[in-house]
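The values are calculated or read from the model by the stated rules, or taken from the named source; none is laboratory data. Since we're looking at a predicted model, the values are computed, not measured. Cβ coordinates were reconstructed from backbone atoms using ideal geometry, including for glycine residues, and neighbour counts include every protein chain displayed.
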């Protein structure tokens, strides 16, 4: 019997140090190793300046040096790692489509490539028109050339079914851990108290409604605080507009990565505010459900499918303020939404459910490749 070998492409590496795909891979890789698979992860960057290999949690890591920074460095890494991976025997799992032209190369080399299609990146407001065109082209190339596609949300699956065979698309959402305990004392370093603050965790970009949320909250004194996580610089036009709109009850602690702090900021918050307007199953929103958070979310099909009855929804700044006032004034409503949050997480978004679905799909693809 041929060795079962999974080759993971498209991420910066494991363990996670960047974003959602890396956090997901940090979960999937040990799971597949335990299931008897040999796993290789290509990692961007090399401390030695040379290609080298090591191991992590039973998987083989291949570190690829790159000369460029930013997006160009990512493209350079994707090109080098894909060209190396197609020379190995194994099933390719590509996380993201931003260099979808490389999936065409893998297909031409006869390699089976399972691609997680991420969100609809080219719709994001942060990109210029040339960047959106580049992303749109790569989305279509990946959808056409991937042997099997993963969509993390029903709306993403529907989107890709317009230009790819529906029978090669599998919907598997993102997962989150259950947050049941945290150190309440950690809140003091942020100047906040249990059930006396709202939490926002998002990149400071227009499509995440940060300006609308901060403006809505800052219209009048609340007696509670709004904690906005992320890096905000007065030298960046949009970020500065968010800073300028904030009342003295808005707290900007910067980017917070320490898990004990994040657990406390989630578990003890009055509610989680989620302004994302585009994307699939957003990791931060799923994590809020795992913490049993009441949710105030931008009203769109992506957020409604994930949060469901755990959320109240807003379409604009005025509605956002109304939702904030409703939740702040009603402990009974918060308790009801929190109950729905935990039920939704239990039914749809636990890690074992997600990883079992991935394993089943990978096993199925391995049998037909």
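Go through region 46-67 and give me each residue that's touching a helix residue (DSSP H, G or I) at 6+ places or on another chain (Cβ under 9 Å), surrounded by 10 or more Cβ atoms within 10 Å (Cβ to Cβ) and either free of Cβ contacts under 8 Å to residues at least 40 places away in the same chain or assigned to a strand (DSSP E or B) (or both).
The initial filter retains those residues of region 46-67 that are touching a helix residue (DSSP H, G or I) at 6+ places or on another chain (Cβ under 9 Å), namely 51, 56-59, 62, 64-67.
If we keep only those that are surrounded by 10 or more Cβ atoms within 10 Å (Cβ to Cβ) too, we end up with 51, 56-59, 62, 64-66.
Residues satisfying the conditions are 51, 56, 58, 59, 62, 64, 65, 66.
Among the listed residues 289, 226, identify the single one that is closer than 30 Å to residue 170 by Cβ, buried (at least 21 other Cβ atoms within 10 Å of the Cβ) and outside the structural domain of residue 96 (by TED's automatic domain parsing).
289
Let me spell it out: the conditions are (1) in contact with a helix residue (DSSP H, G or I) (Cβ under 9 Å, 6 or more places away or on another chain); (2) surrounded by fewer than 19 Cβ atoms within 10 Å (Cβ to Cβ); (3) within 29 Å of residue 301 (Cα to Cα), and residue 260 meets all of them except one. Which number is the exception?
Result: residue 260 fails condition (3) only.
In region 325-359, what count of residues is obtained for those that are farther than 17 Å from residue 272 by Cβ and outside any helix (DSSP H, G or I)?
Selection size over region 325-359: 1.
For the list (1) surrounded by fewer than 18 Cβ atoms within 10 Å (Cβ to Cβ); (2) in the same structural domain as residue 267 (by TED's automatic domain parsing); (3) within 22 Å of the chain's Cα centre (by Cα); (4) not in a loop (DSSP other than H, G, I, E, B), I need the number of the one condition that residue 203 fails.
Residue 203 satisfies all of (1) surrounded by fewer than 18 Cβ atoms within 10 Å (Cβ to Cβ); (2) in the same structural domain as residue 267 (by TED's automatic domain parsing); (3) within 22 Å of the chain's Cα centre (by Cα); (4) not in a loop (DSSP other than H, G, I, E, B) except (4).
Pick from region 78-94 the residues that are closer than 14 Å to residue 148 by Cβ and buried (at least 22 other Cβ atoms within 10 Å of the Cβ): which of them is farthest from the chain's Cα centre (by Cα)?
92
How many residues does region 105-127 contain that are outside any loop (DSSP other than H, G, I, E, B), surrounded by fewer than 20 Cβ atoms within 10 Å (Cβ to Cβ) and more than 25 Å from the chain's Cα centre (by Cα)?
Residues flagged as outside any loop (DSSP other than H, G, I, E, B), surrounded by fewer than 20 Cβ atoms within 10 Å (Cβ to Cβ) and more than 25 Å from the chain's Cα centre (by Cα) within region 105-127 amount to 3.
Tell me, yes or no, whether region 12-32 has at least one residue that is without any contact (Cβ under 8 Å) to a residue 24 or more places away in the chain and in contact with a strand residue (DSSP E or B) (Cβ under 7 Å, 6 or more places away or on another chain). Quick ask: steps written out before the conclusion?
To start, the set of residues in region 12-32 that are without any contact (Cβ under 8 Å) to a residue 24 or more places away in the chain comprises 16-19, 22, 26.
Retained after the next criterion (residues that are in contact with a strand residue (DSSP E or B) (Cβ under 7 Å, 6 or more places away or on another chain)): none.
Within region 12-32 (the criterion being without any contact (Cβ under 8 Å) to a residue 24 or more places away in the chain and in contact with a strand residue (DSSP E or B) (Cβ under 7 Å, 6 or more places away or on another chain)), the answer is no, since none of the residues qualifies.
Of all the residues that make up region 11-45, how many are farther than 14 Å from residue 91 by Cβ and in a loop (DSSP other than H, G, I, E, B)?
10
For residue 215, work out the one condition from (1) in contact with a helix residue (DSSP H, G or I) (Cβ under 6 Å, 6 or more places away or on another chain); (2) modelled with pLDDT under 95 it doesn't fulfil.
In the conditions (1) in contact with a helix residue (DSSP H, G or I) (Cβ under 6 Å, 6 or more places away or on another chain); (2) modelled with pLDDT under 95, residue 215 misses (2) alone.
Conditions tested, residue by residue: (1) touching a residue at least 12 places away in the same chain (Cβ under 8 Å); (2) in contact with a strand residue (DSSP E or B) (Cβ under 9 Å, 6 or more places away or on another chain); (3) assigned to a strand (DSSP E or B).
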{"site": "194", "(1), (2), (3)": "yes, no, no"}
{"site": "198", "(1), (2), (3)": "yes, yes, yes"}
{"site": "215", "(1), (2), (3)": "yes, no, no"}
{"site": "227", "(1), (2), (3)": "yes, yes, yes"}
{"site": "238", "(1), (2), (3)": "yes, no, no"}
{"site": "243", "(1), (2), (3)": "no, yes, no"}
{"site": "248", "(1), (2), (3)": "no, no, no"}
{"site": "264", "(1), (2), (3)": "yes, no, no"}
{"site": "276", "(1), (2), (3)": "yes, yes, no"}
